[in-house]
Amino acid sequence: MLYINCPHCGLRSQNEFAYGGDATVKRPELNKEISDQEWDNFVYLRKSPRGKHLELWHHVSGCRQWIKVERDTSTHEIFKTYKANEAIE
Amino acid sequence: MSQDFRLNNVGMVNREKKISFKFNGKKYFGFEGDTIASALIANGVHLVGRSFKYHRPRGFFGVGVDEPYAILQLDRNNERDPNIRATEQEIFEGLEVKSVNCWPSVNFDIGAINNFLKMFFPAGFYYKTFMWPPSFWYKIYEPFIRMAAGFGQASIKHDKERYEHKYEYCDLLITGSGPSGLASAYAAAKNGARVILAEDKPRFGGSLLTSDVNIGNQTGVEWTEKIIAELKSMPNVTVKNRSQVFGYYDHNMLVMSERISDHLPKTQKYLPKQRLWYIRANEVLISSGSIERPLVFGNNDTPGVMLSSAAKEYMKVYGVLVGKKPLIFTNNDSGYETAIEFKKNRVDPIILDTRSNPSSDIITEAKSLNIEIKFSYVVVAAKGYKKVKSADIAKISDDKKELFNIENIECDCICVSGFWTPSIHLASQSGNKSKFNEKIDAFVPDKSKQQENTIGSANGIFTLEETIKDAFDKGFDVSNKLTEKNNKVSVPTVVEKKSTDHDKFWCVPLPKGKSYKRFLDFQNDVAVSDIELALREGFRSIEHVKRYTTLGMATDQGKTSNLNGLQLVSDIENKVVPQVGHTTFRPPYTPVSIGAIVGREVGKHSKPTRKSPMHSWHEKNNAVFVDAGVWLRPRYYKQGNEGLFEASKREAKNVRQNVGVCDVTTLGKIDVKGPDAAEFLNRVYTNAWLKLPVGKARYGVMLREDGIVMDDGTTTRISENHYHMTTTTAQAANVLSHLEYYLQLVWPELNVNVVSTTEQWAGAAIAGPNSRKLLMKLFPNLDVSNEGLPFMGYKEADLFGVPAKIYRISFSGELAYEINVESDNGYFMWEKIMEVGQEFQIQPYGTEALSTLRIEMGHVAGSELDGRTIPYDASLEGLVSKKKDFIGKRSLNRSAFTSTDREKLVGVVPLDKTTSIPEGSYIVKDPKAKLPNPKLGHVSASCWSVEYDNPFSLAIIKDGKNMIGQKLFAMSPLKNKTIPVEIVSSHYVDPEGKRVRS
Ligand SMILES: [Zn+2]
């Protein structure tokens, strides 16, 4: 079970969190004209990297904040965690 | 039966307490502190089971977790435990165990015929023998395999025992209480670290219980007792026996199974049977010791052949002789220790040593005790079927290839020692890539992967002096990283006998003309010839060889078999072992009961039960409840002999004719607050929200980004910057996460906060033509006229002294109101409504009537918003704004979503007006069409229309909007029904929606 350092609460076990997928996906702006392809990429296409991955976790049984977690998908090593609005190094 | 093999005054069992137990129906006696294995051996019983494939007789091979054979089925308080190691299970008064994997009995086993059919059971027999013809599979092969294979039968009854889970945190977890575990725990505890010391056996001490050593002028046993007593007295230390750390998981999470009541006749009050510990440790010291390696020779699986360390432990710990004419077969000094122990107990052993001329303290001692030793000697084959009766032994050439002077000597047990294999399972599970240590012919942990270090013989250190010193150092080092107390205790002096090098020999060649089975994996019946065959057939990777032959699988996880298997593959392939590598060790290290894994999360404990504040009223008034997510909701209120159908019909009818009240507390409620709340709702919902006035409610639909409807509900503007959102019961948690996602990550510039208020409000829906009259009596000072409180209006008022919120919204399609009060006042509100409503013929109604009412009105719910429908499909397209953007809007332009003949919501009525249409039925044009019959859509919800007194259903069918008036068929292959139907509008009752506005 992963041990995730919530930037708001501190180290907490994985079972307090819900996984939220790729954190690098950016929603197209509202009211912006975009192609079908761009929209499909946003809704459906995700990379599934082996190795470093920036991902979203939601501290559902804690502070209810969405956080970003830089994790290695093959070793589960967590390098760093960020608040939702923090700049990614 | 008398305990013929019990020694007098030797061992640690409690001779004062005699215990009786039954094995295969026969009564035996042992002493408190015995395991099933030691008690049976004391009674001269060695035949305990049959092997997995060939059904050969099986006895005891080890003395603890190393035991591959002696797996029994235990009956305790009418419970059945199918996977008990006889070497670990302690006996208690009334214990009943029986053999598994044999039929009809352990002495006469029909499966043993497999032994004579062994040409059918070569390596990979699963993949070969039972393949053809396919028709044989269900009737012949599978039943045969099921009866022949497997270890015992799991109980199909509900397990009434209690199991618990515990989460624990510590600085240092130490997995084993042998010399290294004790020393490191002591050093770390004295340095202020929070320590957990786990021992899988009932007794602490590990090898110190059986070795002839001296630590700090005390025997191993005395030193153990002293250290344990001191550790137990320290507040920063937790010491646990009967506790196996079986898994090493990510981020230094280890799981330990504690057997609390397994050794007792009955689980004690307030105690669980077993407890599973999830331990998050800052540091781990793996001190799980080592397991003696077998030597491989003919018929080495015969009962009576066992590890020499096991024989020694049976004598020293249990006071039991495994035989009275022992043969010791060894390639190192460990066998001598066992021989000396036999001699001390006035039994004369013969030692066969594969080495030609070794010399050490122990060998000298054995010689001085006049023990017969044959150097350069091996056991060629054990003789005897159900028990060793004699052995063919031979002199072996220096190159270990030739056998000379084969002779048969009498013996009743063969104690083997092929040196020691460190238990690296936990280190390997942690991710530690092990390395091969040539000196000990075994793998040891390499660089730490997580925060783990391995100490003592688990790390390949086999002298006590070195072990103790290293463990004291490690205990200090890892604790000091955390406590920085620099409190170092002194290392005691150690006296032990010096031993000399072992012989790398491990497998006795077959004599000419003999084809004895020589077993590598005793649990899975894998012999040398199986591995040879696998390699001949082209398997090379050790992982493939493992799966093809089953070497090192199952509950044993290769504890005794792994290295000899690797040796063999290396020898055949002309490689060295590290080139072959080893297979992955997986948790659990030893079997864990399913009960322990599940813990308390069974039955009603598997998830929380949520109840509304009015729950007890519903109970008192004969409500029959239904699970709605984790909520319990009244499904109907039973009167007299009514069933679901009659009751729900009565309740729904009363709503249409008079007035009904329904508990709607379970609806999700979310407070949306902030200056940008309107803008936020405008982006979340498909319809327009910017112009909703204060004091008004609006129905809204929200989508996922892929255009599929996520949820619907009404949201009310309470004040300028405050909205009260409702969601469906099922989607409440998802909607909150969804809103938080957009506010925190996508549009952080919006100044809005959301919080769940579901549990803060109790809700009652009052519906029916009499509802306004009722409301007037409930709120005499409030103007509830159609003008004062119009449809979709909102008012705050006082309900007999209790503040209440009144929303004029309707799910039933009738004139209706929803009253919310603070949860604490919910019961009061409900009683008042019932009391005041009496004169208007009020009746409570449950979810079944609620469904009926919404279905005949054509209102969609979860069965239509099923995660596959877009607004158009559910006839919600009128709520989709063309002007503004919102979540999921862009997806609605996808070509599939704009196609003109999309499936759409319709109503369905059976032509005979009597046959109910099963939910899930397909709508088809021609019921006799060739299969697969093209379906037009499916029936999503069915009810008995109380308005028209005939069945009515909702369906979502292709080109629905052009199908009204068509005569089609509803087919339910499941219920075997074909019903002629007519497609009608989904708005079956009050299509103009006059009632809600009346
Ligand atoms: Zn948090």
- Query: If you take the residues in the range A:1-13 that are part of a loop (DSSP other than H, G, I, E, B) and within 13 Å of the ligand (Cβ to nearest atom), which one is farthest from the other protein chains (Cβ to nearest Cβ)?
  - Reply: A:9
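Among B:604, B:653, which is the only one that is of a type in the set (Lys, Arg), at pLDDT below 95 and farther than 29 Å from residue B:715 by Cβ?
Values: B:653 fails: at pLDDT below 95.
Among B:604, B:653, only B:604 is of a type in the set (Lys, Arg), at pLDDT below 95 and farther than 29 Å from residue B:715 by Cβ.
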- Task: May I ask you to verify whether residue A:74 is among the small types (Gly, Ala, Ser), within 12 Å of chain B (Cβ to nearest Cβ), within 13 Å of the ligand (Cβ to nearest atom) and in a loop (DSSP other than H, G, I, E, B)?
- Result: no
- Message: It is to be established whether one or more residues within the range B:875-885 are closer than 16 Å to residue B:954 by Cβ, in contact with a helix residue (DSSP H, G or I) (Cβ under 9 Å, 6 or more places away or on another chain) and away from chain A (no Cβ under 14 Å).
- Response: yes
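For the range B:931-981, give me each residue that is assigned to a strand (DSSP E or B) and without any contact (Cβ under 8 Å) to a residue 24 or more places away in the chain. Spell out the reasoning first.
Just the residues of the range B:931-981 that are assigned to a strand (DSSP E or B), to begin with: B:937-945, B:950-958, B:967-972, B:977-981.
Hit for the range B:931-981 is B:938, nothing else.
Conditions (1) in a loop (DSSP other than H, G, I, E, B); (2) in contact with a helix residue (DSSP H, G or I) (Cβ under 9 Å, 6 or more places away or on another chain); (3) closer than 24 Å to residue B:35 by Cβ, marked per residue:
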site: B:313; (1), (2), (3): no, yes, yes
site: B:342; (1), (2), (3): no, yes, yes
site: B:351; (1), (2), (3): no, yes, no
site: B:355; (1), (2), (3): yes, no, no
site: B:358; (1), (2), (3): yes, no, no
site: B:364; (1), (2), (3): no, no, no
site: B:385; (1), (2), (3): yes, no, no
- Message: Looking at B:795, B:805, B:832, can you tell me which residue is in contact with an Asp or Glu (Cβ under 6 Å, 6 or more places away or on another chain) and at pLDDT 95 or above?
- Response: B:805
- State all residues of the range B:795-811 that are within 15 Å of residue B:776 (Cα to Cα) and hydroxyl-bearing (Ser, Thr, Tyr); if no residue qualifies, say none. B:807
- Item | Residue match in the range A:14-23 (condition: within 16 Å of the chain's Cα centre (by Cα), away from the ligand (no atom under 16 Å from the Cβ) and over 25 Å from residue B:754 (Cβ atoms)) | no
- Item | Any pair with Cβ under 7 angstrom, 6 or more apart, that starts in the range B:599-613 at a residue that is farther than 16 Å from residue B:166 by Cα and ends at one that is of a type in the set (A, V, I, L, M, F, W, C) and surrounded by 17 or more Cβ atoms within 10 Å (Cβ to Cβ) | B:609/B:632; B:610/B:631; B:611/B:632; B:612/B:762; B:613/B:762
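Tell me which residues, restricted to the range A:77-89, are within 12 Å of the ligand (Cβ to nearest atom) and more than 8 Å from chain B (Cβ to nearest Cβ).
Of the residues in the range A:77-89, the ones within 12 Å of the ligand (Cβ to nearest atom) are A:81, A:83-84.
If the condition is that a residue be within 12 Å of the ligand (Cβ to nearest atom) and more than 8 Å from chain B (Cβ to nearest Cβ), then A:81, A:83 are the ones that fit.
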- Item | Only listed residue being within 14 Å of chain A (Cβ to nearest Cβ) and of a type outside the set (Asp, Glu), chosen from B:331, B:282 | B:282
- Pairing a residue in the range B:855-879 that is assigned to a loop (DSSP other than H, G, I, E, B) with any residue that is among the aliphatic types (A, V, I, L, M) and at pLDDT below 95, where Cβ atoms lie under 6 Å and the two sit 6 or more apart in sequence or on different chains, gives B:862/B:730
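For residue B:529, are the conditions met, namely being closer than 26 Å to residue B:384 by Cβ, of a type in the set (S, T, N, Q) and assigned to a helix (DSSP H, G or I)?
Details: closer than 26 Å to residue B:384 by Cβ: yes; of a type in the set (S, T, N, Q): yes; assigned to a helix (DSSP H, G or I): yes.
Yes, satisfied.
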- Task: Check whether at least one residue in the range A:33-47 is more than 8 Å from chain B (Cβ to nearest Cβ), crowded, with 17+ Cβ neighbours inside 10 Å and modelled with pLDDT of 95 or more, and report yes or no.
- Result: no
- Item | Sole residue being under 29 Å from residue A:42 (Cβ atoms) and out of contact with any Cys (no Cβ under 8 Å at 6 or more places or on another chain), chosen from B:872, B:948, B:922 | B:872
- Message: Given the criterion within 13 Å of the ligand (Cβ to nearest atom) and basic (Lys, Arg), identify the matching residue among A:64, A:50.
- Response: A:64
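Collect the residues in the range A:14-34 that are touching a helix residue (DSSP H, G or I) at 6+ places or on another chain (Cβ under 9 Å) and without any contact (Cβ under 8 Å) to a residue 24 or more places away in the chain, keeping them in residue-number order.
The answer is A:14, A:25, A:26, A:27, A:28, A:30, A:34.
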- Scan (1) over 17 Å from residue B:387 (Cβ atoms); (2) over 34 Å from the mean Cα position of the chain (by Cα); (3) crowded, with 24+ Cβ neighbours inside 10 Å for the single condition residue B:67 breaks and write down its number. (2)
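The values are calculated or read from the model by the stated rules, or taken from the named source; none is laboratory data. Keep in mind that this is a model prediction, so the values were computed, not measured. All Cβ positions, even for glycine, are placed from backbone atoms using ideal geometry, and neighbour counts span all protein chains on display.
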